[in-house]
Amino acid sequence: MKTSIFIILLAASTMLGVAQETTPVYKNEVRLNFIQLFRNTFQVDYERAITEKSSLVISGGLIYKKTDNLDVLGGVGEVQYRINRIYISKNEKNERKLTVYAGPFTKFKYHEDEYNHFVWVTQGNYVPSLKTDYYSTLSVGGLVGLKFSLLKYIFIDMNFGGCVKFSETNAGRSENIFQDSYSGIAPAGNISFGVKF
């Protein structure tokens, strides 16, 4: 009798160990915002699973550009709460291949642009001078996105949505919704690549 119980417990523990090995649970993700690279911004996201169907994303980034006539320096921070509602195409190892999510976000961005311009002194005489414009933007909105695995640990994340932007600047308002000096309703979205662990 004792031998039978021992064999059953040994078999159960072995099966549990195999199950744990073949059904990994990834609770952390780190990714690089691909689209932001084209806006002189190196932004990294960290996502942590809170529950099976929700997660928190914290992002931080550096804004930097330097040319002969323009120096740009600043930073960006973002927080997202994601509700992961749909999981599609689980494979034999129970790994999620596609996730659909939605949730709110808030984003703060600040940078200063320093550039050369000419100040009129007298008739026909101009003196070169440095000028600094600042841009401070707060965005609040919502996103809907897709996340799907490319390899075992590598995935791509795409989202889109909208937000309300509040901006402060000394450079004058812009009518272009993609400019940091714009205030009003604007689109939001991103494409990023990452790893899960």
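The numbers here are math on the coordinates, done by the rules we state, and not lab data. All values reported here derive from a predicted model rather than from experimental measurement. Don't worry about glycine lacking a Cβ; one is built from the backbone with ideal geometry, like all the others, and counts go over all protein chains shown.
Classify the stretch 26-196: rounded, prolate or oblate, from the alpha-carbon gyration tensor (a ≥ b ≥ c, eigenvalue square roots; a/c under 1.5 rounded; otherwise prolate if a/b is larger than b/c)?
Working: a/c = 3.57, a/b = 2.47, b/c = 1.44.
Because a/c hits 1.5 or more and a/b exceeds b/c, the stretch 26-196 counts as prolate.
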> Short version: ³J(HN,Hα) in whole Hz for each residue of the stretch 71-87, in order, from phi by Karplus 6.51 cos²θ - 1.76 cosθ + 1.60 (θ = phi - 60°), x for Gly and Pro, what are they?
Replying inline: 10, 10, 9, x, x, 9, x, 8, 10, 10, 10, 10, 10, 8, 9, 10, 10
> At what distance in angstrom do the alpha carbon centres of the stretch 54-85 and the stretch 100-133 lie from each other?
Replying inline: 18
> Any idea what the relative contact order of the stretch 120-197 is, in percent, if you count C-alpha pairs under 8 Å spaced at least 6 apart?
Replying inline: 31
> Going by how many other Cβ atoms sit within 10 Å of their own, how do H111, H117 line up, fewest first?
Replying inline: H117, H111
>> Could you check the spin-label model distance between K66 and Q179? Points 7 Å from the Cα along Cα→Cβ, value in nm.
In response: 2.7
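What is the sum of charges, Lys and Arg at +1 and Asp and Glu at -1, for the other residues whose Cβ falls under 12 Å from the Cβ of I63? Please list the in-between numbers first.
Working: positive: R39, K65, K66, K109; negative: D71, E112, D113, D180.
Computed value for this residue: 0.
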>> Under 5 Å between amide hydrogens, which residues at least 5 positions from A171 or on another chain qualify, with H placed 1.01 Å from N in the peptide plane?
In response: Y134
>> Taking the beta-carbon count within 10 Å as an exposure proxy, list I154, I63, I191 from fewest neighbours to most.
In response: I154, I191, I63
> Using the 10 angstrom Cβ neighbour count as an exposure proxy, how do V119, V44 rank, fewest first?
Replying inline: V119, V44
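Relative contact order for the stretch 26-196: what is it in percent, counting Cα pairs under 8 Å that are at least 6 residues apart?
On the way: 453 pairs, mean separation 31.9, N = 171.
Relative contact order comes out at 19 percent.
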> If r is the Cβ-Cβ distance from Y26 to D133 and R0 is 35 Å, what FRET efficiency results, to the nearest 0.05?
Replying inline: 0.25
